[in-house]
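The values are calculated or read from the model by the stated rules, or taken from the named source; none is laboratory data. Just so you know, these numbers come straight off a predicted model, no measurement behind them. Note: areas computed on protein heavy atoms with side chains; ligands, DNA, RNA excluded. Shrake-Rupley method; radii C 1.70, N 1.55, O 1.52, S 1.80 Å.
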Amino acid sequence: MTSSAVIIVAAGRGNRFGGDLPKQYAGLAGAPILRHTVRAFLGHPRIGAVRVVYHPDDHDLYARAVDGLDLLSPVAGGASRQDSVRNGLESLAGLAPDRVLIHDAARPFIDAATIDRVLDALDEVPGAIPALPVTDTLKRGDASRVAGTVDRAGLWRAQTPQGFRFDAILEAHRALAGQDLTDDAALAEASGLAVARVDGSEDNVKITTQHDLARARALWEKTVTRVGTGFDVHRFTAGDHVWLCGLAIPHTHTLAGHSDADVALHALTDAVLGAIGDGDIGSHFPPSDDRWKGAASDRFLAHAVDLVRARGGRVEALDVTIICERPKIGPHRAAMVARVAQIAGLPPGRVSVKGTTTEGLGFTGRGEGIAAQAAATVSLPPGDDDAGQEG
Ligand code: MG
């Protein structure tokens, strides 16, 4: 898999924002805007390294904003945005990533699907930007008089992250230093690099003014958090291993089931589906369908997570408790956390796997089978189906 690095441009002074605090450090939902922006990339499974370009005067603000996050150390920006990006690119030259995404710190609502679209486009072209069509009618003129109407056909609103093959954009920045172009795609265009357009997101707004911040706060507060639970049981039968959390664990028996009978992944899948109110594992993967006979259950959980992403949401955390006397869960726990995180595309810190016995009581106590219960926390953007959920 190719490695992708991110440069987050946070060196601006925010002249249009007013006040003493640069806008990227203004508070939004209990944390500085920069922290939300950085976390959006750190939480993406295809991103290898994230570096912020900052203003050294903001060092204390920066340190507080990113406390506890796993970032490359920051580098100082330059006199213009273009200089700042070039400093960031030069600082990554030793790391030599295949691809780099360049993103504005003041766009905290960047979502995983937009990041994926930009990265996917780089398979075909050296540059790619998210952009949306212009919908307002455009007028030319001065502050008080309209001089004409501009045809908006073929015009797009560029967003970030703008993605590039690393060597190509570094070379473009070196060659065009001092031109003060307003975005990185402009450097790529001036260098003759092909730049693809992919769909941006209407929520991926840039916070430039106090009014933008007020709107961003309203948007964030409307984000819906939902919790789903799942429970599953499978019975022991003759065999020499069980599947739990996507791993084959040696055991005196196996679990009986239509698929691989991974009781933990089944409970997690139902928890994710429950959080978005989208049926259960049986309705998506009916046991009557021969396609799922003996199937590896990782695809069930991955599909449920994809359904969340398709709604513009994300899985925030997964937690599963495996209930049995044997096999012992403790020795496999770290590997199970890593495997579930991999399947769900989450950082391992957002996954929890626990084991418990029932003190010899009941069917698990008698060693007749294994049970699992799970919880999933999911955040979703505001939408029509949320009507009536609030207040
Ligand atoms: Mg099951």
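With an 8 Å cut-off on Cα pairs and a minimum separation of 6 or more residues, tell me the relative contact order of the chain in percent.
15 percent
I need two numbers for the stretch 35-108: Rg to one decimal and Dmax as a whole number, Cα atoms only, in Å.
12.0, 33
Divide by every residue of the chain the summed helix terms, -39500 (n - 2.57) for each DSSP H run of at least 4, and state the resulting mean residue ellipticity at 222 nm, rounded to the nearest 500 deg cm²/dmol.
-8500 deg cm²/dmol
If you fit an axis through the alpha-carbon atoms of helix 112-121 and take the longest principal axis of the Cα set of the chain, what angle between them do you get, 0 to 90°, nearest 10?
Taking Cα atoms only, the helix is inclined about 70 degrees.
With a 1.4 Å probe and every protein chain left in place, tell me how much accessible area Glu189 has, in Å² to the nearest 10.
110 Å²
May I ask for the angle, rounded to the nearest 10°, between helix 333-344 and the longest principal axis of the chain, with both axes built from Cα atoms and the value confined to 0 to 90°?
50 degrees
Going by Cα centres, the stretch 323-376 and the stretch 120-176 are how many Å apart?
49 Å
Give the span of the chain's Cα atoms along each principal axis, as three whole-Å numbers ordered largest to smallest.
Ordered largest first, the chain gives principal extents of 81, 49, 41 Å.
With a 1.4 Å probe and all protein chains kept in place, how do Arg64, Arg174 rank by accessible area, largest first?
Listed by decreasing accessible area, they come as Arg64, Arg174.
Using a 1.4 angstrom probe and counting only protein chains, how large is the accessible area of Asp123 in Å², to 10?
90 Å²
In units of 2.2 N^0.38 Å, what is the alpha-carbon radius of gyration of the stretch 159-300?
For the stretch 159-300, the normalised Cα radius of gyration comes out at 1.74.
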